[in-house]
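In what follows, a structure is listed as C-alpha cells, so that the remarks can point back to it.
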Amino acid sequence: MSYLELRDVSKVYGEGATEVRALHRIDLSVDAGSLVAVMGASGSGKSTLLTIAGSLEDPTSGEVYVGGRPLPSLSRNAKAQLRRQSIGYVFQDYNLLAGLSAVENVSLPLELDGVATRKAQSAALKALEDFGLKDRASQYPDMLSGGERQRVAIARAVVGKRQLLLADEPSGALDSTNAEAVMRLILAACHRGMAAVVVTHDAQLASWADRVVFLRDGRIVDQTLPVESPEAVLADLPNQ
Ligand code: ADP
Ligand code: MG
C-alpha cells in the first residue's frame with residue numbers, strides 16, 4: 001500500500017509577472033518498502049516535490065496523503081508531529097548541527113519528540129553502529145569526512161520509527177564510492193520498510209530504484225522501471 005501519495009498536485013510560486021509553475025498536475029505514489037528516484041534538470045521542480053511530500057509546504061492544488069492521512073486535514077501541530085516522527089529528510093549539504101556530536105545529531109529528533117535523553121542516545125548509537133560509524137559517535141561534524149557526515153545525516157533521518165525518507169541530492173557532493181555507500185544505506189532503509197524518494201543526477205544510482213520519475217518544467221514526462229543492465233540485455237539476445 002502507498003505510504004506517500006500525491007494526487008494532481010500543482011504548485012505555483014508568486015503571481016502575475018513573477019508567477020512560476022514549479023509543479024504541474026503531479027500524480028505519484030510510493031509504497032512502503034520501495035524506492036523512487038526523481039531525475040530532472042535544475043529548476044524542474046524536484047526539490048518542490050520533496051518539500052510538498054514532506055508537508056513543509058502546501059500545494060497550490062491537489063491532494064497529498066502520508067500514511068493514508070490527507071495532509072490538509074491535519075492541524076499545524078499534527079503536521080509537525082508527523083514530520084518529527086515519521087518523515088526523515090536528507091539534504092545535499094548534510095545539515096548537521098556543528099555544535100553537536102554525531103550521536104547528539106542523530107538523537108536530537110527523538111529528544112525533540114519527547115524521548116528521554118538516555119533512550120534517545122542509545123537508539124542513536126545503535127543507528128550509527130548499523131552504519132559502521134560507531135567509532136565516530138562522539139566526533140563533531142567538522143572532524144568527519146563528507147561521506148561520514150552524510151551517513152550520520154541518513155542515520156538521523158531513519159532513526160526511530162520513521163516511515164518516509166526524502167533525500168534531495170544526498171550524494172551530490174560526494175565521490176562515487178561515498179555516493180554508492182549513501183545509496184546503499186537508503187536502499188537498506190527501504191528493505192526495512194521505509195518508503196523513499198531520492199532526487200539524484202546520477203543515472204547509475206537512479207537505476208537502483210524500483211522506479212525512476214523524470215521531471216521537466218514541473219511535469220512528469222516519463223516514469224520507468226530501471227534500465228536493464230547491459231549484461232541482462234545481452235543475455236536476451238539470440239546467439240550470434
Ligand atoms: P529543482 O530542485 O528541480 O532544481 P525547484 O523545485 O527548486 O527545482 O524549483 C522549481 C521552480 O520553482 C524553479 O523555477 C524555482 O526557481 C522555483 N521556486 C522554487 N522555490 C521557490 C520559492 N520559494 N519561491 C519562488 N520560486 C521558487
Ligand atoms: Mg533542487
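Readers should treat all values here as calculations from the given coordinates under stated rules, not as data from a laboratory. Being a predicted model, the structure only gives us computed values, none of them experimental. We place every Cβ from the backbone using ideal geometry, glycine too, and count neighbours over all the protein chains shown.
Checked against (1) in a strand (DSSP E or B); (2) surrounded by 15 or more Cβ atoms within 10 Å (Cβ to Cβ); (3) away from ligand 1 (no atom under 12 Å from the Cβ), G33 meets all criteria but (1).
When M39 is tested against the conditions (1) within 16 Å of ligand 2 (Cβ to nearest atom); (2) part of a loop (DSSP other than H, G, I, E, B); (3) touching a His at 6+ places or on another chain (Cβ under 9 Å), the lone failure is (2).
Only one entry of G40, G88, G14 meets the criterion of being over 13 Å from the mean Cα position of the chain (by Cα), crowded, with 18+ Cβ neighbours inside 10 Å and not aliphatic (A, V, I, L, M), and that entry is G40. In the set Q139, Q163, only one residue is within 19 Å of L125 (Cα to Cα), of a type in the set (S, T, N, Q) and surrounded by fewer than 24 Cβ atoms within 10 Å (Cβ to Cβ); that residue is Q139. Can you report the number of residues in segment 173-218 which are under 27 Å from L82 (Cα atoms), in a loop (DSSP other than H, G, I, E, B) and either of a type in the set (D, E, K, R) or within 16 Å of ligand 1 (Cβ to nearest atom) (or both)? Residues that pass the stated criteria total 4. A search for C-beta distances below 7 Å between a residue of segment 195-210 that is free of Cβ contacts under 8 Å to residues at least 40 places away in the same chain and any residue that is surrounded by 16 or more Cβ atoms within 10 Å (Cβ to Cβ), counting only pairs 6+ apart in sequence or on different chains, returns D202/S171; D202/A179. The residue list L112, L96, L82 contains one member that is surrounded by 14 or more Cβ atoms within 10 Å (Cβ to Cβ), farther than 27 Å from H201 by Cβ, more than 16 Å from ligand 1 (Cβ to nearest atom) and of a type in the set (A, V, I, L, M, F, W, C), which is L82.
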